[in-house]
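Encoded as structure tokens, the structure appears first; notes follow it.
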Amino acid sequence: RAPYLNNAIQIKKVLKIPVVAVCGIRPDVADEMIEAGSIDFAALGRQSLADPDYPEKVLEGRLEDMRQCLRCNECIGSAGKDINLSCAVNPSLGLDYTEMGTLTKTDSPKRVAVVGGGPAGMSAAIAAAQCGHCVVLFEQSSRLGGLLYYVGKPAFKEDYRRYTEYLIHTVKSAPIEIRLNTEFTEKTAEQENFDKIIAATGSQVLVPQIEGAETALNPLAILDGDIPEQAKRFIVCGAGLVGCEVSMHLAEKGYHVTMIDVVPDSHPAKLYATDWSVNAKLAEDGVEVQLGNKILKIAENHVVCQQRVDKLPHDPRTPLLPPDISGPYQNETTVYEADAVICALGLRPVNQMACKLLEQGYPVEVIGDAYAPRKIIDAVHEGFHTGRRL
């Protein structure tokens, strides 16, 4: 955060006109710098899209109610595509004065079960409660947050930790009954007679159909601190969002990391500005990136691959998806060795219970990663609109 603050401080020393500092400056830092006379103003841009009430909340000291900008560049990405501005954490952006962006009190409150306490579930529960429905939030673990708990683990993901805290604070402040350590079952649905069941049960790490994939380490466990004591060198299979972040996380802790994937270029977010910064940080952290490698076999301390004959980087002038992985590949294999191998080749939805309930005729709507693993913007927006439409 505040990458240009020191520039503003140095400029202030030689100018007699007001100096405005910009880019990711939190209110406590802005207060400190202004009070010290180091800057005159702190400007904000993306934060005003994430939370239009940000200035009022800062003035009133309600920082816990502030919806944190993730600086994920979904807004910049949407503007670059010549479509309506969008924000990962503010589903109402651009829709504020329409029915799709407004939460209206209902005249006929429903009894609603939200199953799953991740970003999709919490967003749905908040929206439904604000519309006046009676909401019960079920979470089978001992904490709220879902996969955001792991997303916020790396040191460079402070914004996501703050946003997770905001969601949890908002859920606990709303008229929502929260049941932690509680699994939602068919018996629950039968006994409690809900008018609507929102399944936001999330996703889990995919074990692909690659020989030995089941022996690899879980990337979420690695982010949570479960790192083998003797391991110094890691191979991370997968150059998507999870693979990039677990690679950077380990590299910043001093480990040697090789990241391998079949894709011709790492473009995890499908947004130019974000992809550029992710790839720049991978290089800065010293992550060895080996793309154009078809993974044939995974073992506890090595990965066997076939390298693409023409390992060409992705052409930025062409669409990012789908990546060309058709080959041709070299006949001989290449072996990458390390002390441990991590499999970050995707997530799969957890929705077995929802499917059973749907088959039995219960009013179930599946949202977020439980429908299909995607990005946080999809989880938050689907949760908001599901709660709003009740």
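Once fully extended, how much extra length lies between Glu192 and Ala280, figured as 0.36 nm per residue of separation less the alpha-carbon to alpha-carbon distance?
Result: 26.5 nm gained on full extension.
List the relative contact order of the chain as a percent without decimals, with contacts defined as Cα pairs under 8 Å and 6+ residues apart.
In percent, rounded to a whole number, it is 18.
So what are the ³J(HN,Hα) numbers for the stretch 62-70, from phi and the Karplus equation (6.51, -1.76, 1.60; θ = phi - 60°), rounded to whole Hz, Gly and Pro as x?
9, 5, 5, 8, 7, 7, 5, 5, 7
What whole-number value in Å² describes the accessible area per residue of the stretch 1-144 for a 1.4 Å probe?
Per residue, the stretch 1-144 has 52 Å² of solvent-accessible surface.
Along the positive direction of the dipole of the stretch 183-277 (beta-carbon charges: Lys, Arg +1; Asp, Glu -1; about the Cα centre), which of Met248, Thr188, Cys237 reaches farthest?
Met248
What number, in percent, do you get for the relative contact order of the stretch 88-200 if the mean sequence gap of Cα pairs under 8 Å and at least 6 apart is divided by its residue count?
Reported as a whole number, the value is 33 percent.
How many times 2.2 N^0.38 Å is the alpha carbon radius of gyration of the stretch 147-292?
Here the Cα radius of gyration is 1.29 times the empirical estimate.
Report the Rg/Rh value for the stretch 32-147, based on alpha-carbon coordinates and the Kirkwood definition of Rh.
1.04
Nearest 0.05, what FRET efficiency do Ile17 and Leu59 give at R0 = 30 Å with Cβ-Cβ as r?
About 0.70, to the nearest 0.05.
How large is the helix-only mean residue ellipticity at 222 nm for the chain, computed as the sum of -39500 (n - 2.57) over DSSP H runs with n ≥ 4, divided by its residue count, in deg cm²/dmol to the nearest 500?
Counting only the DSSP helices, I get -9000 deg cm²/dmol.
From the phi angles alone, apply the Karplus equation (6.51, -1.76, 1.60; θ = phi - 60°) to the stretch 330-345 and give each ³J(HN,Hα) in whole Hz, x where the residue is Gly or Pro.
5, 6, 6, 9, 10, 10, 9, 10, 7, 7, 7, 10, 10, 9, 10, 9
Roughly how many whole Å is it from the C-alpha centroid of the stretch 321-390 to that of the stretch 52-92?
25
Looking at the chain, send over the antiparallel percent of its DSSP beta bridges, to the nearest 5.
30
Of all trypsin sites (Lys or Arg not before Pro) in the stretch 100-137, which ones are in loop regions per DSSP and have a Cβ with at most 13 other Cβ atoms within 10 Å?
Lys105
Quick check on my link table: of Lys294/Lys356; Lys153/Lys297; Lys57/Lys253, which ones sit more than 32 Å apart, alpha carbon to alpha carbon?
Correct reply: Lys294/Lys356; Lys57/Lys253.
Mind checking the dipole of the stretch 103-247: about its Cα centre, +1 per Lys or Arg Cβ, -1 per Asp or Glu Cβ, Debye to the nearest 20?
Magnitude of the dipole: close to 420 debye.
Which sequence of His249, His169, His256 reflects their accessible areas, 1.4 Å probe, from the largest down?
Solvent-accessible surface, decreasing: His256, His169, His249.
Contour minus end-to-end for Gln352 and Glu35, with contour as 0.36 nm per residue of separation and end-to-end as the Cα-Cα distance?
In short, 108.6 nm is gained.
Using amide H atoms built 1.01 Å from N in the peptide plane, name the residues 5+ places from Val257, or on other chains, whose amide H lies under 5 Å from its own.
Long-range HN contacts for Val257: Phe234, Glu288.
Quick one: if you stick a label point 7 Å off each Cα along the C-beta vector at His169 and Ala79, how many nm between them?
2.7
Might you report the magnitude of the Cβ-based charge dipole of the chain about its Cα centre, with Lys and Arg at +1 and Asp and Glu at -1, to the nearest 20 debye?
The calculation lands at about 460 debye.
Mind grabbing the accessible area of Val22 for me, 1.4 Å probe, Å², rounded to tens?
In the full protein context, Val22 sits at about 70 Å².
I need the GluC sites (Glu not before Pro) found in the stretch 209-264, filtered to DSSP loop residues with at most 13 other beta carbons within 10 Å of theirs.
Answer in residue order: Glu229.
What residues qualify as long-range amide H neighbours of Lys297, i.e. H under 5 Å apart, gap of 5 or more or another chain, H built at 1.01 Å from N?
Residues meeting the amide H criterion: Val304.
When Rg/Rh (Cα atoms, Kirkwood Rh) is calculated directly from the model, which label among [x] 0.95; [y] 1.20; [z] 1.00 fits?
Only one listed value fits the structure, namely [z].
The values are calculated or read from the model by the stated rules, or taken from the named source; none is laboratory data. Here the structure is a predicted model, which is why all the values come from computation and not from measurement. Cβ: placed from backbone, ideal geometry, glycine included. Neighbour counts: every protein chain shown. Accessible surface is based on the protein model in full, side chains and every heavy atom, while ligands, DNA and RNA are left aside. Shrake-Rupley method; radii C 1.70, N 1.55, O 1.52, S 1.80 Å.
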